[in-house]
Amino acid sequence: GDPEGHNAILARGGEAEKALPHLDEATILRCLDVISARAGQLKNKGLNSWSFFFGVVNVLVVTWFFGVLPQHFWIVYVAETLVLFPIRWKHMAQAKPLSEVLYWLDFCWISNFLCNFGLVIFLVDAYYENDAVDRYMEILDGSSVRQTLFCIFFGVATGPLLCAVIALGNALVFHDADNTVSVFIHLCPSLLAYTLRWESQAVLGRWPRLFHLNYFDRINAWSHIYANAAIFYLAWLVPYTLWLVVRGMTMPSKGYDTVFHSLMRGANPVSSMLGWSREESMQRAKTNDFTVGSALIYMLLHAVAVLLALTVSVLCFVSMYFHGCFCLLAVLVAIYKGSSRYTYYILENYASVLQREFNDVLKSPAHTH
């Protein structure tokens, strides 16, 4: 289709073939070793045919249930949790050089845990007949309790969790369970909230004992959705901040990473706000030596971001089209980020590895002219 381009490639190939005898054999073998090692790293990360196959199938199943059987989407959410969370826990526990199990204390994880716990409680209340259990479940009989729980869930799911897909740049990488879980905990709660809010008749028609979604007309988006979700967030924020300041700051020295330390090691506004130079920021990131002041500023910024994101939940509650379009935007961002990752794997990955491996040689005077 492009004779000139084909001839150019052949010409470059001929030049490389002529130059090959002059290359040092050890250099060639080193290049092959570096490429092989990188391929092994990607394979250990899950880049293989079966992982990619199951990743794609998983996305198709979730999409199919959401579009065709929205009344059963809550089952998909619980099933995904039961499969993906143990995988993520295993990877967190085995992470090097620092274990990542303390990530589960973060707001996004806590919200998903409590959402699943609430669904289990509703299931027990609806279908488990036992006098002793029924006495404890009587608290759910009041519609105001279920209404408050729904408002908290809807606000968190369609506010900070949904916005986090975009803000954190979650990537839908089919073969990578860790990236899949990140997309799941931020996106799927909002998809579940969509089915409960805008497909409520289908949900109630199939699960009348499980969900009592008869209170939407009594809900005010600001005083119920926003306010209850904000109170729930503050109930997490205060104890987590105290833990981070008192104990969490020293966790890396004990072999455990935190979300705070992980984010502070990358590009972040906290370092600039504290006036740290680039060198100081890099040194602190290398040793995980951050101050209590940096932790407090981080948590303050976290709170501001969450409270702003909760305004999105207000719009999602009053408009089906806004809710659907914002979910679609988050999905498109995740797909684009994932495609960028695959572009890197295919086109840039090995060149970057070799560039780092021979960086000192390439910078030598003999190669700079």
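Quick one: plug the Kirkwood hydrodynamic radius of segment 92-188 (C-alpha pairs) into Stokes-Einstein at 25 °C, 0.890 mPa s, and report D in µm²/s. Roughly 156 µm²/s, to the nearest whole number. Per-residue 3J(HN,Hα) values for segment 327-335, derived from phi via the Karplus relation 6.51 cos²θ - 1.76 cosθ + 1.60 with θ = phi - 60°, read 4, 4, 4, 4, 4, 5, 4, 5, 5 Hz in sequence order (x marks Gly and Pro).
The mean of 1/r over all pairs of different alpha-carbon atoms in segment 209-289, once inverted, gives a Kirkwood hydrodynamic radius of 16.1 Å. The magnitude of the dipole of segment 43-115, with charges of +1 and -1 set on the Cβ of Lys/Arg and Asp/Glu and taken from the Cα centre, is near 300 debye.
Tell me what the chain gives for mean residue ellipticity at 222 nm when only DSSP H runs of n ≥ 4 count, each as -39,500 (n - 2.57), the sum divided by the residue total, rounded to 500 deg cm²/dmol.
Numbers: 18 runs with 261 residues, N = 369.
Helix contribution divided over all residues of the chain: -23000 deg cm²/dmol.
Note down the magnitude of the dipole of segment 218-325 about its Cα centre, charges +1 on Lys and Arg C-beta and -1 on Asp and Glu C-beta and zero elsewhere, to the nearest 20 debye. Numbers along the way, then the final one.
Details: 7 positive and 4 negative charges, 28 e Å.
So the dipole magnitude of segment 218-325 works out to roughly 140 debye.
Over segment 235-352, with the other protein chains present, what is the accessible area per residue in square angstrom, probe 1.4 angstrom? Don't skip to the end; give the middle numbers.
On the way: 6400 Å² over 118 residues.
Result: 54 Å² per residue.
Rounded to the nearest whole Hz, the Karplus-based 3J(HN,Hα) values (6.51 cos²θ - 1.76 cosθ + 1.60, θ = phi - 60°) of segment 51-59 follow the sequence 4, 5, 4, 5, x, 5, 4, 4, 4, with x at glycine and proline. Summing Lys and Arg as +1 and Asp and Glu as -1 over all other residues whose Cβ lies under 15 Å from the Cβ of Ser190 gives a net charge of -1.
Once Rg and the Kirkwood radius are both taken over the C-alpha atoms of the chain, their ratio Rg/Rh works out to 1.06.
Could you put Leu310, Leu168, Leu274 in order of accessible surface area, largest first, with the 1.4 Å probe and the full protein assembly present? Walk me through the intermediate numbers first.
On the way: Leu310 0, Leu168 105, Leu274 65 Å².
Per-residue accessible area, sorted high to low, gives Leu168, Leu274, Leu310.
Treating each Cα of segment 88-138 as one equal point scatterer and applying the Debye formula with no solvent, the log10 of I(q)/I(0) at q = 0.16, 0.17, 0.28 Å⁻¹ comes out as -0.62, -0.65, -0.99.
The heavy atoms of Trp89 present about 110 square angstrom of accessible area, all protein chains included, probe 1.4 Å. Averaging the Cα positions of each part gives two centres, and for segment 201-221 and segment 267-327 these lie 34 Å apart. Put simply, the amide H of Leu47, placed in the peptide plane, has no neighbours under 5 Å, leaving out anything fewer than 5 places away on its chain. The largest-to-smallest principal axis extents of the Cα set in segment 241-328 are 47, 27, 21 Å. The charge dipole of the chain, taken about its Cα centre with unit charges on the Cβ of Lys, Arg, Asp and Glu (plus for the first two, minus for the last two), comes to roughly 360 debye.
Shown in residue order for segment 173-186 are the 3J(HN,Hα) couplings computed by the Karplus curve 6.51 cos²θ - 1.76 cosθ + 1.60 at θ = phi - 60°: 10, 4, 7, 9, 4, 5, 5, 4, 5, 4, 5, 4, 5, 9 Hz (x for Gly and Pro).
The values are calculated or read from the model by the stated rules, or taken from the named source; none is laboratory data. Quantities reported herein were computed from a predicted structural model and do not represent experimental measurements. Every residue, glycine among them, receives a Cβ derived from its backbone with ideal geometry; neighbour counts consider all protein chains shown. Just the protein is used for accessible areas: all its heavy atoms, side chains included, with ligands, DNA and RNA removed. Shrake-Rupley method; radii C 1.70, N 1.55, O 1.52, S 1.80 Å.
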